[in-house]
Amino acid sequence: SALAALRVAGWRAAAAMAVTFFVFMQVEQNIKELIARPRPSAELVKVAGTPMTMGMTVGAPSPTAGYSMPSGWALLFGSTVGLLSVLAWQNTRGVARAAYTAGCALVLIAGLAARVSLGAHWPSDVIAGCLLAMTVGLGVFELFTSLRPSRKPKAPRLSRPTR
């Protein structure tokens, strides 16, 4: 995503995406504890069959453990794929704009549906996380854009008197 952002909107976009991604990796649990919204109960959600685990490691929490708002998936994908879609919408035209936004939308919708259908999140958890990440990412991009080194205006050239 960062390479695509570099192509679409320059190095500031790629840097904003990386910063936003890594910041949300670090603060996700703090945000969840601040909001403290419980996950959907296993009794309520029996869509996908057997309960899934949220991680690949031994001892990973089950979908009913911990808090759900905002979705960690949505924070990370919103700060990458979601931010890329907005940057592409702003900085490209024609086929490139359509391809970027359609591809990003497909990934985001598939992820949203997966997290909800597996019972790990409420739909609002994923939507809020994605929108939060995209908003923060755009804010970081605008901050980086505003920090451009100012160029000193050239001194006016004095005309030479003609002889």
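The values are calculated or read from the model by the stated rules, or taken from the named source; none is laboratory data. These figures come from a predicted structure and were not determined experimentally. Backbone-built Cβ (ideal geometry, glycine too); neighbour counts: all protein chains shown. Ligands, DNA and RNA are excluded from the accessible area calculation, which covers all protein heavy atoms including side chains. Shrake-Rupley method; radii C 1.70, N 1.55, O 1.52, S 1.80 Å.
Listed by first and then second residue, the pairs with beta-carbon distance under 8 Å, at least 6 apart or on different chains, first residue in segment 73-92 and touching a residue at least 24 places away in the same chain (Cβ under 8 Å) and closer than 13 Å to Ala16 by Cβ, second of a type in the set (Ser, Thr, Tyr) and surrounded by fewer than 24 Cβ atoms within 10 Å (Cβ to Cβ), are Thr80/Ser1; Leu83/Ser1; Leu84/Ser1; Leu84/Tyr100. Taking first residues from segment 1-28 that are free of Cβ contacts under 8 Å to residues at least 40 places away in the same chain and partners that are surrounded by fewer than 18 Cβ atoms within 10 Å (Cβ to Cβ) and part of a helix (DSSP H, G or I), the Cβ contacts under 7 Å between residues at least 6 apart in sequence or on separate chains come to Ala14/Ala2; Ala14/Leu6; Ala18/Ala2. Within segment 85-100, being of a type outside the set (Phe, Trp, Tyr), more than 13 Å from the chain's Cα centre (by Cα) and part of a helix (DSSP H, G or I) holds for Ala88, Gln90, Asn91, Gly94, Val95, Ala96, Arg97, Ala98, Ala99. Those residues that are open to solvent by 20 Å² or more (accessible area, probe 1.4 Å) and over 17 Å from the mean Cα position of the chain (by Cα), I need them from segment 115-132; list them, please. Selection gives Val116, Ser117, Leu118, Trp122. Only one of the listed residues (Gly78, Gly82, Gly103, Gly111) is modelled with pLDDT of 90 or more and in a helix (DSSP H, G or I). That residue is Gly103.
Note on segment 1-41: residues that are among the basic types (Lys, Arg) and either open to solvent by 60 Å² or more (accessible area, probe 1.4 Å) or closer than 18 Å to Leu76 by Cα (or both) total 3. Of all the numbered requirements in (1) surrounded by 13 or more Cβ atoms within 10 Å (Cβ to Cβ); (2) at pLDDT 90 or above; (3) over 17 Å from Phe21 (Cα atoms), Val95 misses one, and that requirement is (1). Within the set Ser71, Ser146, Ser159, the sole residue that is modelled with pLDDT of 85 or more and either under 22 Å from the mean Cα position of the chain (by Cα) or open to solvent by 50 Å² or more (accessible area, probe 1.4 Å) (or both) turns out to be Ser146.
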